[in-house]
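Here is the structure we will look at, set down as structure tokens.
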Amino acid sequence: MKESSWIAVALQVEQGEGNLDDAVYSTWEPIRWVAAGRADLTDKHIHDLINDESIAVRIRIAQRSDLTCEHVEQLSWDTKPSVLAQLAIRHTLSAEQRKRLALTVDEHVLTAIGENEAANLVSRMHQCETIATHSL
């Protein structure tokens, strides 16, 4: 695919046109990101996009309201706090999933799962690190 043609394909996919399989498995990240927002994704598409190398694609999947319990479980093992925070904001998590997300020690994830005191503590810790780094 030529550089300029990915834009036309992405716009076409966003409008619900084009081949969805080609979009989901495209080598171009923006096309996969647009496909991740399509309402007509199959369960296999969602499963495969949960494992996408792109953080943006995984965030877009985590933001979907139609995820099954299995999808939420699969996403709850993601290593990127930005994906986990979006998952926690939009979905009800099991106690085990909440416990696993709390281990990320990320203030945004902690806030999303309602652990505000822990999020505040982590925020203060990062502020301390920043101040110490800048005073060198």
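Any idea which residue in segment 28-46 is farthest from Trp77 (Cα to Cα), counting only those that are open to solvent by 80 Å² or more (accessible area, probe 1.4 Å) and under 15 Å from the mean Cα position of the chain (by Cα)?
Only one residue fits best here, namely Glu29.
What are the pairs with Cβ atoms under 6 angstrom where one residue, in segment 28-40, is among the aromatic types (Phe, Trp, Tyr) and modelled with pLDDT under 95 and the other, located anywhere, is open to solvent by less than 70 Å² (accessible area, probe 1.4 Å) and part of a helix (DSSP H, G or I)? Sequence gap at least six, or different chains.
Trp28/Trp6
Being more than 20 Å from Gln63 (Cα to Cα) and either exposed (fewer than 14 other Cβ atoms within 10 Å of the Cβ) or in contact (Cβ under 8 Å) with a residue 60 or more places away in the chain (or both) is the filter; apply it to segment 106-120 and report the residue that is nearest to the chain's Cα centre (by Cα).
Checked segment 106-120; the qualifying residue nearest to the chain's Cα centre (by Cα) is Asn116.
Please work out which residue is farthest from Glu53 (Cα to Cα), limiting yourself to segment 78-120 and to residues that are hydroxyl-bearing (Ser, Thr, Tyr) and not in a loop (DSSP other than H, G, I, E, B).
So, considering only residues that are hydroxyl-bearing (Ser, Thr, Tyr) and not in a loop (DSSP other than H, G, I, E, B), the one farthest from Glu53 (Cα to Cα) is Thr111.
Between Ala8, Ala23, which is more than 19 Å from the chain's Cα centre (by Cα), over 20 Å from Gln74 (Cα atoms) and in a helix (DSSP H, G or I)?
Of Ala8, Ala23, the one residue that is more than 19 Å from the chain's Cα centre (by Cα), over 20 Å from Gln74 (Cα atoms) and in a helix (DSSP H, G or I) is Ala8.
Give the residue that is least open to solvent (accessible area, probe 1.4 Å), with candidates limited to residues of segment 47-56 that are without any contact (Cβ under 8 Å) to a residue 24 or more places away in the chain and under 14 Å from Gln74 (Cβ atoms). Walk me through how you get there before you give the answer.
Going residue by residue through segment 47-56, those that are without any contact (Cβ under 8 Å) to a residue 24 or more places away in the chain are 51-53.
Next, from what is left, pick out any that are under 14 Å from Gln74 (Cβ atoms): 51-52.
On the way: Asn51: 98, Asp52: 18 Å².
Filtering first and then ranking leaves Asp52.
All but one of (1) at pLDDT 95 or above; (2) open to solvent by 50 Å² or more (accessible area, probe 1.4 Å); (3) not in a helix (DSSP H, G or I) hold for Arg64, so report the exception by its number.
Unmet for Arg64, out of (1) at pLDDT 95 or above; (2) open to solvent by 50 Å² or more (accessible area, probe 1.4 Å); (3) not in a helix (DSSP H, G or I): (2).
The values are calculated or read from the model by the stated rules, or taken from the named source; none is laboratory data. Keep in mind the model is a prediction, meaning the values are calculated, not measured. So basically every Cβ, Gly included, is an ideal-geometry build from the backbone, and we count neighbours across all protein chains shown. Accessible surface is based on the protein model in full, side chains and every heavy atom, while ligands, DNA and RNA are left aside. Shrake-Rupley method; radii C 1.70, N 1.55, O 1.52, S 1.80 Å.
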